[in-house]
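Below you'll find the structure, written out as structure tokens, and then a few comments.
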Amino acid sequence: MVDSSQIIQDIEAHNDICSKLLEIIQQENRWLSSEVASVIEAKSLGGPSQPDQGLKQTLLSSLSVHVAQIQAHRAAIKDYQQQEPAYKLPDDLSAAIGRATDLIMKMVALDRENEKWLLKKGLVPTSQIPSSIQYRPSDALKAYQRFNS
């Protein structure tokens, strides 16, 4: 039997971290999209302050732990579904997964916009400019469809 209450608790903890990360990504977006031309001017003219990158790294480390837990739950559910083909995810578990997917999609979309701002403002060294091959939205959509099926 699958303990959906523990899975929901772990997904909600994941969602809480994702919400905090989304707030930081939104702060980054406001900071990058401000009318101020440079980082120095943004600080001296009272524009949006630069987001806390240390907190972001801490949250990302914590997120990795929760992702590993969720992956273990996912494997357990798949195993259980093979034993009990009639098993259906409870509605509250499906809702928690849906909230996680929504948060992740928002973060990815906004993070891409932030990357564009960084490139536009010349804040990325040319050696670190990513290949255009990685920016195929259809690949991301296919990956989400694979994981949700």
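Numerical summary
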quantity	calculated
Residues satisfying the stated conditions in the stretch 1-54, i.e. modelled with pLDDT of 90 or more, among the hydroxyl-bearing types (Ser, Thr, Tyr) and farther than 30 Å from residue 86 by Cα	19
Given (1) at pLDDT below 80; (2) surrounded by 12 or more Cβ atoms within 10 Å (Cβ to Cβ); (3) under 30 Å from residue 81 (Cβ atoms); (4) of a type in the set (D, E, K, R), index of the condition residue 121 fails	(3)
Check on residue 149, under 20 Å from the mean Cα position of the chain (by Cα) and either at pLDDT below 90 or under 22 Å from residue 24 (Cα atoms) (or both)	yes
Residue under evaluation residue 95, criteria (1) of a type outside the set (Phe, Trp, Tyr); (2) in a helix (DSSP H, G or I); (3) surrounded by 15 or more Cβ atoms within 10 Å (Cβ to Cβ), criterion not met	(3)
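Residues are listed down the side, and each one gets a yes or a no for (1) within 23 Å of residue 29 (Cα to Cα); (2) in contact with an Asp or Glu (Cβ under 9 Å, 6 or more places away or on another chain):
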position	(1), (2)
56	yes, yes
59	yes, no
66	no, yes
75	no, no
84	no, no
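The values are calculated or read from the model by the stated rules, or taken from the named source; none is laboratory data. Given the structure is predicted, the values throughout are model-derived calculations rather than measurements. Neighbour counts are summed over all protein chains in view; Cβ atoms, including those assigned to glycine, are modelled from backbone coordinates with ideal geometry.
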